[in-house]
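Heads up, the thing below is written out as structure tokens.
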Amino acid sequence: MKNKYDVIVIGSGIAGLSAAIESRLAGADVIVLEKMAGAGGNSLISDGGLAAAGTEEQKAAGIVDSPALMYYDMMKAGERINNPDLVKILTEESAEAYLWTRDFLKVPYLDRIDIFGGHSVPRCYTAENITGKTFISALLKKAEELSIPVAYKHYVQDIVREDDKSLSLKVIPGFSFKTGKGEPPEILKARKGIILAAGGFGSDVPFRSAQDPRLNESVQSTGQPFVDSSVLKMALNLGAAPVQLSRIQLGPWASPDETGYGDGPSFAEYILFQYGILIDPDKGVRFVNEMADRKTLSDEMMFMGRYSIGICDDHAVKTAGWNIDKALKKKVVLKFSTMEELCLHYGMDFIPVKRTVEQFNRFILAGKDKNFDKPILDGAKPISRPPYYGIRLYPKVHYTMGGLRIDENARVLDLNGKPVNGLYAAGEITGGVHGASRLGSCSLTDCVVFGRRAGRFSAS
């Protein structure tokens with residue numbers, strides 16, 4: 001490895017690799033540093049969904065969408081504390097981000113367009129195998145084609161200001177996450193810029209609980225255990241401005257019956273929330289619009305103070321078309337012959353649950369949810385065809401909306417709104433894009449759009 005590069009990227013997730021590729025295409029000598037033994041970070045365990053508005057696929061399916069509508073949805077979910085300029089860029093470049101991944105990277109997508117909570121229309125595209133690994137594989141292949149080196153087990157210990165315009169990194173090669181040790185430190189210098197793409201801090205319990213005291217060690221995380229705030233704090237020490245660090249998203253589709261992200265979320269978010277119901281097990285009643293955004297769902301669950309039970313039937317599973325074998329095998333999702341059997345297993349009184357299901361079924365037939373105004377999707381039918389499926393749900397820390405303040409070109413800004421010379425950022429380490437709540441599938445769009453911008457601008 002050389003000791004000087006035009007651009008150095010910290011992190012090998014979707015944002016970091018997108019940045020490195022664009023930087024190389026712009027003519028820069030670039031390297032990617034990854035502290036772990038493999039690429040991907042939290043991108044690996046995502047479900048591989050990317051949101052894009054105004055695509056040809058939508059038009060062919062008769063779906064009326066636009067960047068303006070996606071902008072409205074993101075701002076509404078974010079409680080309008082999002083940075084409107086960043087949201088405008090993301091939404092207007094979302095379709096291009098989708099095409100870049102599909103046509104340039106050759107990411108294979110499933111032949112379907114989905115709608116998730118908080119989105120007005122179906123605009124979410126899912127990679128084959130329903131995992132972010134599909135993206136990472138395509139990005140690594142393109143990086144190899146472009147001769148972009150990825151240095152694994154290289155831990156960034158510090159970012160050092162050389163002078164007003166240049167930065168260097170103190171790096172520990174041969175780093176072991178298990179032992180926290182490696183070889184003697186080396187200094188790498190960046191001629192043009194350093195791109196921070198090290199992800200969020202969801203698994204960093206001391207740091208996250210300092211922002212939101214509710215999120216102590218008793219609250220599980222869906223993220224990788226090695227995801228922390230170290231690179232974020234290095235940037236703050238250089239004068240970078242933080243944005244909305246206390247805005248930490250919980251995943252309402254997570255199950256306490258498995259660790260980490262697991263397989264339950266695919267069932268809950270892709271099937272249950274669309275066609276099923278969430279029940280308060282103590283009362284046997286619904287308590288929320290199951291298609292609400294993640295913050296609304298998680299807040300209601302946390303306020304209730306106990307896990308909820310998700311219920312749907314065979315028709316829901318068949319209509320959604322997703323494979324749930326993994327979740328069934330792990331016994332995170334359970335199958336029951338009757339509703340009485342389901343209620344008995346989860347310790348619920350059958351009579352109020354029966355009334356709740358019957359009421360929801362009337363709403364389905366009428367095409368209007370009079371209680372919570374949940375959208376009644378095409379293909380939705382009454383919950384009446386066995387087998388019935390159940391899952392226990394309770395939120396886990398999933399995503400950090402807060403992070404470093406950036407401008408439209410992914411330059412890191414200081415407290416006065418001025419660029420921190422030589423420092424760029426993209427992905428979950430940044431703040432301001434999603435505001436109070438991130439909509440599903442918008443994270444990967446964010447990573448691609450601002451990763452590419454960081455790569456292009458840092459190389460210029």
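The values are calculated or read from the model by the stated rules, or taken from the named source; none is laboratory data. Since the model is a prediction, treat every value here as computed from it, not as a measurement. All Cβ positions, glycine included, derive from the backbone under ideal geometry; neighbour counts span all protein chains shown.
The single condition among (1) touching a residue at least 24 places away in the same chain (Cβ under 8 Å); (2) in a loop (DSSP other than H, G, I, E, B); (3) over 28 Å from ARG24 (Cβ atoms); (4) basic (Lys, Arg) that ARG208 does not satisfy is (2).
Screening the range 285-400 for helices (runs of 4 or more DSSP H) wholly inside it with 3 or more residues that are in the same structural domain as LEU272 (by TED's automatic domain parsing) and aromatic (Phe, Trp, Tyr) returns the ranges 350-366.
In the condition set (1) touching a residue at least 24 places away in the same chain (Cβ under 8 Å); (2) more than 24 Å from LYS233 (Cα to Cα), SER66 is compliant with all but (1). Based on this model, can you work out whether ILE248 counts as β-branched (Val, Ile, Thr), surrounded by 20 or more Cβ atoms within 10 Å (Cβ to Cβ) and under 12 Å from VAL397 (Cα atoms)? Taking the combined requirement at face value, the residue satisfies it.
Looking only at residues in the range 18-52 that are under 30 Å from TYR72 (Cα atoms) and in contact with a Lys or Arg (Cβ under 8 Å, 6 or more places away or on another chain), the one that is modelled with the lowest pLDDT is LEU44.
Looking only at residues that are charged (D, E, K, R) and assigned to a strand (DSSP E or B) in the range 401-428, which one is surrounded by the fewest Cβ atoms within 10 Å (Cβ to Cβ)? If we take residues in the range 401-428 being charged (D, E, K, R) and assigned to a strand (DSSP E or B), then ASP414 is surrounded by the fewest Cβ atoms within 10 Å (Cβ to Cβ). The criterion of at least 1 residues that are over 28 Å from LYS106 (Cα atoms) and in contact (Cβ under 8 Å) with a residue 40 or more places away in the chain is met by the following strands (runs of 3 or more DSSP E) wholly inside the range 119-205: 155-161, 167-172, 186-196.
With respect to ALA95, is the statement that it is in the same structural domain as TYR152 (by TED's automatic domain parsing) and over 18 Å from CYS447 (Cβ atoms) true?
no
Counting only residues that are in a loop (DSSP other than H, G, I, E, B) and closer than 14 Å to GLY402 by Cα, the range 429-460 holds 8 of them.
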